[in-house]
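Encoded as structure tokens, the structure appears first; notes follow it.
The values are calculated or read from the model by the stated rules, or taken from the named source; none is laboratory data. Here the structure is a predicted model, which means the values were calculated and not measured. With ideal geometry, Cβ positions are generated from the backbone for all residues, glycine too; neighbour counts draw on all protein chains shown. Just so you know, the surface numbers come from the protein's heavy atoms only, side chains and all, with ligands and any DNA or RNA stripped out. Shrake-Rupley method; radii C 1.70, N 1.55, O 1.52, S 1.80 Å.
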Amino acid sequence: MIREIVHYDAPVLRAKGREVGEITPKIHALIDDLFDTMREARGVGLASQQIGEAIQVAVIDITGIKERPSKMWIAGKPVDPEAFMPLVLINPVLKMTKTKVTSHEGCLSFPGLSLDIPRAQRVNVKTRTLDGGTFEFDAGGLLGRAVLHEVDHLHGKLFIDHISAAERRLIREDLEYIKRGEPIPTEEDEE
Ligand SMILES: [Zn+2]
């Protein structure tokens, strides 16, 4: 079922997700809804908070995005990330490299806003799987960025938390538009 995407600054976006215990039919339904909603919005990732539920479940699918390559390793060996899509993250635990790379990022909870965000170059991910096991991989490129962005959501953290105070001042008006549910005017509108 396609759900409504929660926009900034709804309080649920700041809520830390509770950990998933047993994988119940409710969790399966939540995951289905996340996929339906993400695909309809043409996103590469969506966290539960973004459909109003503070729980540690997020989905990612970078399939078909060639202009921003993804990298993935399993047990240290490079693999084709598309062979492992779509991904479900349940209670994910991350270990990040200190080296960071900056690239542009959007968020379905901030329509129209694109920001340059520094993120760890590579991230190690341990996640629970739907069959009760665990899955461990390393991610870089777009996939690494998507994992870091979505897992931030699961802890109530947002991409605007990664920019400087000076940059925050520059987007203050944009955030006001988003809060009011209005589109951010483009430069053409202002002329
Ligand atoms: Zn987001």
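Pick from segment 153-187 the residues that are aliphatic (A, V, I, L, M) and not in a loop (DSSP other than H, G, I, E, B): which of them is most open to solvent (accessible area, probe 1.4 Å)?
Leu170
Of Lys77, Lys98, which residue is touching a strand residue (DSSP E or B) at 6+ places or on another chain (Cβ under 8 Å) and more than 14 Å from the ligand (Cβ to nearest atom)?
One residue alone meets the criteria, Lys98.
Select from segment 112-126 the residues that are within 16 Å of the ligand (Cβ to nearest atom) and open to solvent by 60 Å² or more (accessible area, probe 1.4 Å) and list them in ascending order.
Gly112, Ser114, Asp116 - these are the residues of segment 112-126 that are within 16 Å of the ligand (Cβ to nearest atom) and open to solvent by 60 Å² or more (accessible area, probe 1.4 Å).
Scan segment 1-14 and tell me whether some residue there is closer than 25 Å to Glu136 by Cα and modelled with pLDDT of 95 or more.
Scanning segment 1-14 turns up no residue that is closer than 25 Å to Glu136 by Cα and modelled with pLDDT of 95 or more.
Inside segment 38-54, can you point out the residues that are in contact with an Asp or Glu (Cβ under 8 Å, 6 or more places away or on another chain) and either of a type outside the set (Gly, Ala, Ser) or at pLDDT below 95 (or both)?
Met38, Arg39, Val44, Leu46, Ile51, listed by residue number.
Would it be correct to say that Val88 is surrounded by 16 or more Cβ atoms within 10 Å (Cβ to Cβ), of a type outside the set (Phe, Trp, Tyr), closer than 21 Å to Val123 by Cβ and within 14 Å of the ligand (Cβ to nearest atom)?
No; evaluated as a whole, the condition is false for this residue.
Could you tell me which numbered condition Arg14 fails, if it satisfies all but one of (1) of a type in the set (D, E, K, R); (2) touching a strand residue (DSSP E or B) at 6+ places or on another chain (Cβ under 6 Å); (3) within 28 Å of Pro185 (Cβ to Cβ); (4) surrounded by 14 or more Cβ atoms within 10 Å (Cβ to Cβ)?
Only one criterion in (1) of a type in the set (D, E, K, R); (2) touching a strand residue (DSSP E or B) at 6+ places or on another chain (Cβ under 6 Å); (3) within 28 Å of Pro185 (Cβ to Cβ); (4) surrounded by 14 or more Cβ atoms within 10 Å (Cβ to Cβ) is unmet by Arg14, namely (2).
In segment 127-152, how many are among the acidic types (Asp, Glu), open to solvent by less than 60 Å² (accessible area, probe 1.4 Å) and more than 12 Å from the ligand (Cβ to nearest atom)?
Summing the residues that are among the acidic types (Asp, Glu), open to solvent by less than 60 Å² (accessible area, probe 1.4 Å) and more than 12 Å from the ligand (Cβ to nearest atom) in segment 127-152 gives 1.
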